[in-house]
Amino acid sequence: MTSKELLYVKTIAEIGNMSKAAKKLFIAQPSLSQSLQRLEDSLGAPLFNRTPGGLTLTYIGEKYYQAANQILKIYGDLEVSVSDLNNLKTGRIHLGITPHLSSIVLPKVLPKFKEQCPAIEIFITEANSTILEEKLVSGDLDFAVIHVSPVCHKPMFKYNTLRRDPFIVVASEDSHLNRLAVSDPDYPFPLLDLSYIKEEPLLLLQKQQRIRQVSEGILRNAGLNQFNLALTLGNYRTAQLLATEGYGVTLVPTSYSVAVSYDKKPAFFSIHDKYDPYWNMCITTMPEAYLSKADLRFIETLKSTLSNDVGNKKTAEN
């Protein structure tokens, strides 16, 4: 059992398709098929079921896949330890981050980190929070920068909070909700009782998207287990623009509300804190995960950059 065979089985299992796995591994498909066949012959049992829909793990394959993840993680940790002993002269980071956060965070952080540690290789996976969490569990990532809220907190992960972002309701400027919201000095926008949107057409994102998961959690906390879902969309910008046109209302993080160029002026409403209407930008890891010196240096750079960014904004406002 070699590290190459472990990697082959892991990749095939996660992709479920021989040709796509071969492409990811940068080898010819016949070579990958032959390697798998030799491995199965030596084990005396098939690792995969060959079906019209692709390759699925057999019971023995599941056991092999689990062991492969553990052993490859040990190999990876050993490489990391060597890097640490070399005091960041070599090494690599496997970082996961959502596409939106990637566009905001990485242009500020990566140049600074590269200046500090020019020899460290950085591998970045951009995906939604659900996929990144799966990759953390499988050991493919050292850590991930994702959004987490009380409604999607998972005890299997360790969270290091960087920044909190409250959710708000977005509607059209002439919405009747303007007459129902009340001013409150503790909130940046008029405070809206969520019971008023029970019958409103709601514009929500796809179920696998974290904004949708947090939005539904807020609605449940407000007692709205049933609501009027008008549209399911894939883009928060589209949801907000439709809301400003009077097509319905949507829930988004405050920082996302200012990332849109509006044709019509929107109406923003704050949500009461008792419904936990927020998410946190977090550095997420597995509790038992070993973070290398390179990982810790990157995280330190990330924290200091975001801290300075917030400080500069406050100075500009004052």
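Of all residues in segment 253-267, those that are closer than 21 Å to R164 by Cβ and outside any strand (DSSP E or B) have Cβ atoms under 6 Å from Cβ atoms of residues that are at pLDDT 80 or above and not hydrophobic (A, V, I, L, M, F, W, C), 6 or more apart or on another chain, in T254/D165; T254/P166; S255/D165; Y256/Y236; V260/R237; V260/Q240. Scanning segment 138-154 for residues that are out of contact with any Pro (no Cβ under 9 Å at 6 or more places or on another chain), closer than 25 Å to L205 by Cα and not in a strand (DSSP E or B) turns up P150, V151, C152, H153, K154.
The residue pairs whose first member lies in segment 222-250 and is within 19 Å of P277 (Cα to Cα) and free of Cβ contacts under 8 Å to residues at least 12 places away in the same chain, whose second member is crowded, with 20+ Cβ neighbours inside 10 Å and among the hydroxyl-bearing types (S, T, Y), and whose beta carbons are closer than 8 Å, counting only pairs six or more residues apart or on different chains, do not exist in this structure.
Among residues belonging to segment 91-117 that are open to solvent by 60 Å² or more (accessible area, probe 1.4 Å) and more than 14 Å from F298 (Cα to Cα), point out the one that is modelled with the lowest pLDDT. Across segment 91-117, the extreme among qualifying residues is I104. In a residue-by-residue description of segment 135-153, the property of being surrounded by fewer than 18 Cβ atoms within 10 Å (Cβ to Cβ), in contact with a Leu (Cβ under 7 Å, 6 or more places away or on another chain) and at pLDDT below 95 applies to at least one position. Residues that are more than 28 Å from K154 (Cβ to Cβ), in a loop (DSSP other than H, G, I, E, B) and in contact with an Asp or Glu (Cβ under 9 Å, 6 or more places away or on another chain) within segment 181-231 comprise A181, D186, Y187, P190, N228, listed in sequence order. Just wondering, is there one or more residues in segment 230-252 that are at pLDDT below 90 and polar (S, T, N, Q)? For segment 230-252, residues at pLDDT below 90 and polar (S, T, N, Q): absent. Among the residues of this structure, Y196 counts as one that is without any contact (Cβ under 8 Å) to a residue 60 or more places away in the chain and surrounded by fewer than 17 Cβ atoms within 10 Å (Cβ to Cβ). No other residue among N178, N160 is under 24 Å from K265 (Cβ atoms), among the polar types (S, T, N, Q) and open to solvent by 30 Å² or more (accessible area, probe 1.4 Å) apart from N178. Restricting attention to segment 167-198, the residues being within 31 Å of the chain's Cα centre (by Cα), of a type in the set (A, V, I, L, M) and within 18 Å of L229 (Cβ to Cβ) number 5.
Conditions (1) over 16 Å from I168 (Cα atoms); (2) under 25 Å from the mean Cα position of the chain (by Cα), marked per residue:
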{"residue": "E200", "(1), (2)": "no, no"}
{"residue": "Q209", "(1), (2)": "yes, yes"}
{"residue": "E216", "(1), (2)": "no, yes"}
{"residue": "Q226", "(1), (2)": "yes, no"}
{"residue": "R237", "(1), (2)": "no, yes"}
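In segment 1-13, the residues that are over 13 Å from D140 (Cα atoms) form Cβ pairs under 7 Å with partners that are of a type in the set (F, W, Y) and surrounded by fewer than 16 Cβ atoms within 10 Å (Cβ to Cβ), at six or more places apart or across chains, as follows: S3/Y75. If you go through segment 38-76 and keep only what is of a type in the set (S, T, Y), loosely packed, with under 12 Cβ neighbours inside 10 Å and assigned to a helix (DSSP H, G or I), you end up with S42, Y59.
Please verify whether segment 276-295 includes one or more residues that are touching a Leu at 6+ places or on another chain (Cβ under 9 Å), at pLDDT 90 or above and open to solvent by 60 Å² or more (accessible area, probe 1.4 Å). For segment 276-295, residues touching a Leu at 6+ places or on another chain (Cβ under 9 Å), at pLDDT 90 or above and open to solvent by 60 Å² or more (accessible area, probe 1.4 Å): absent.
Of all residues in segment 161-180, those being under 26 Å from V151 (Cβ atoms) and assigned to a strand (DSSP E or B) number 11. If you take the residues in segment 118-130 that are touching a strand residue (DSSP E or B) at 6+ places or on another chain (Cβ under 8 Å) and not acidic (D, E), which one is surrounded by the most Cβ atoms within 10 Å (Cβ to Cβ)? Going through the qualifying residues, I end up with S129.
Listed by first and then second residue, the pairs with beta-carbon distance under 6 Å, at least 6 apart or on different chains, first residue in segment 23-50 and closer than 11 Å to Y8 by Cα and without any contact (Cβ under 8 Å) to a residue 12 or more places away in the chain, second part of a strand (DSSP E or B) and open to solvent by less than 80 Å² (accessible area, probe 1.4 Å), form an empty list.
The values are calculated or read from the model by the stated rules, or taken from the named source; none is laboratory data. Just so you know, these numbers come straight off a predicted model, no measurement behind them. In this analysis, Cβ positions are derived from the backbone assuming ideal geometry, glycine residues included, and neighbour counts consider all displayed protein chains. Heads up: the accessible areas ignore ligands, DNA and RNA and are worked out on the full protein's heavy atoms, side chains in. Shrake-Rupley method; radii C 1.70, N 1.55, O 1.52, S 1.80 Å.
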